[in-house]
Ligand SMILES: [Zn+2]
């Protein structure tokens, strides 16, 4: 059972209401973790298709993409060029 955060820190839910609240919180946390994992999987490889992993800001919490999903500034530029070309067609 997940812990709830209270005025004096985390505590074990005791009442039915608290247990429901803890379960909902746990469920939301799991969904967010699953969504984050899915996003990491989806954005794992360089968008330019060079076969390398996309570069990320490793020190950031969200693992933000560093070059818009590319592994390097070169790949990012190539990818953007390709996008522009496709729009021009
Ligand atoms: Zn690349």
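Miscellaneous remarks
- Residue 29 vs. criteria closer than 30 Å to residue 66 by Cβ and either assigned by TED's automatic domain parsing to the domain that holds residue 69 or under 21 Å from the mean Cα position of the chain (by Cα) (or both): yes
- Restricting attention to the stretch 39-71, the residues that are part of a helix (DSSP H, G or I) and closer than 22 Å to residue 82 by Cα total 1.
- Scanning the stretch 1-38 for residues that are in a strand (DSSP E or B) and exposed (fewer than 13 other Cβ atoms within 10 Å of the Cβ) yields 5, 6, 9, 10.
The values are calculated or read from the model by the stated rules, or taken from the named source; none is laboratory data. Given the structure is predicted, the values throughout are model-derived calculations rather than measurements. All Cβ positions, glycine included, derive from the backbone under ideal geometry; neighbour counts span all protein chains shown.
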